[in-house]
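Data block below; observations after.
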Amino acid sequence: MTPTIIGIGSVIILAASLLLFRRNRKHTERGPSLYMDALNSMLEEKHQEALEKLKLTVKADTENIMAYIYLGVVLRKLKLPVRASKVHKNLLVRNHLPSKQLNTILHHLILDYQEAGMADHAVEVAERLIQSNKHDLETKTLLLSLYEEKQDWDKAFFHRQSLNRWMKKKDQDILALYKVQAGLRQTGDSHEREGRIRFREAIKLYKKCVPAYLYWSDSYRREGRNNEALKILKEFLQAVPEWAHLGFDRLKTLLFDMGRYGDIEALFNLVIRKKPNRPDAYLELMDLYVRAGKYDKALDLAQKSLDLYPDNSRCRMALIRIYEQQNRTDEALEEAKKLIHKEHLKNIIFACSHCGFESSDPLWLCPQCRHWKTFLNEPS
Ligand SMILES: [Zn+2]
């Protein structure tokens, strides 16, 4: 949604009305100063004051359609969207409304319904408005946000695609996320196969669609099809090595369940060869070597990882742990001192770059502000 654009648009319309009204004032003398006062109050955001004045204005002149429209707007601003929608809806029964005015009424009716949480009604009106004006980008954008709100991913997909064509934009990554959401709905309803079809479509749209791989493999896992799940996770490592670490837990438990312990080492090595910008694969592999008592290999890896990621506290902690396991207390202490001097330990937390919502899991759709892909730059 673009609340600022709509907001600015309303202010411009309001200011234009004021100007227009001043010009036409000579011709219509019925309660003119009251109406103008009301518009001024609106511009000054004195909503309650504007409401009283607009009520008096329409009482004196029931033909002042714009005053009714603003009355609804003010009610919406006063957090009374249902009442606002009634005012706007009542205007629709009037005959011979100029089409421009009719469209303005419909536009505000959409906003009323949206504010009231009546997304179905809002969608209905928005579809009607677009029917009469196919070039109405503002309503199209609004409709898209409504379908997202309703979690109607197929419709959202259709409308984003058509908006993209208009604006010569390519949103393959977000279109893919719609498919992922649709797939999750399917798998949530135990339609695993239909869900997987959506995940595959998501990857077709956008090869680096991380959640599509992860959920696709989860779906196979739920059906006990471990080989297929493994195949998807391997494709994931190849396609999106920069986010490989998000699949490590799944890979480890899967390979453990399959009894293929040896493959775990090979897979982490594969990720390391892709030179990821995070040390997670090194850390996983070190952990594996330490558990297996292969301290030389672990130590070698720890040093390599610190060459590559010298400021990474998790790499240094791993090195300390290896020294500790080998009873090399002096070296462990030396590294611990370096670590303390460098930085305090932080928990990895994912935060929405738009609204700051924090989550321990990476998310693709912020549950708070409903922006897409705002969690991808997590703090290091
Ligand atoms: Zn957010």
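Rule-based calculations on the coordinates, nothing more; no lab input. Note that the coordinates shown come from a computational prediction; the quantities given were computed from them, not determined experimentally. Neighbour counts are summed over all protein chains in view; Cβ atoms, including those assigned to glycine, are modelled from backbone coordinates with ideal geometry.
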Seminar exercise, completed: As straight-line cross-link partners of residue 46, the qualifying lysines (C-alpha separation under 17 Å, not fewer than 8 residues apart within one chain) are 55, 77, 79
Exercise. In whole Å, how far is the Cα centre of segment 128-192 from that of segment 48-81?
Worked result: 34 Å
Problem set entry | segment 220-320 - convex hull of the alpha-carbon atoms, volume per residue in Å³ | 92 Å³
Problem set entry | Nearby aspartates and glutamates by direct alpha-carbon distance to residue 140 (threshold 18 angstrom, same-chain neighbours under 8 apart not counted) | 112, 115, 120, 124, 127, 148, 149, 152, 154, 171
Problem set entry | the chain - Debye-derived log10 I(q)/I(0), Cα point model, q = 0.06, 0.10 Å⁻¹ | -0.40, -0.79
Problem set entry | Neighbour cut-off at most 13 other Cβ (10 Å), DSSP loop, GluC sites (Glu not before Pro), segment 177-259 | 223
Problem set entry | Whichever aspartates and glutamates have a C-alpha closer than 19 Å to that of residue 59, once near sequence neighbours (fewer than 8 apart) are set aside | 29, 37, 49
Problem set entry | Size of electric dipole in the chain: Cβ of Lys, Arg +1 and of Asp, Glu -1, about Cα centre, debye, nearest 20 | 1220 debye
For this session: Measure nothing but the geometry: give the 0 to 90° angle between the long axis through the Cα atoms of 153-167 and the longest principal axis through the Cα atoms of the chain, rounded to 10°.
Result: 70 degrees
Problem set entry | Rounded to 10°, Cα long-axis angle of helix 313-325 versus longest principal axis of the chain | 30 degrees
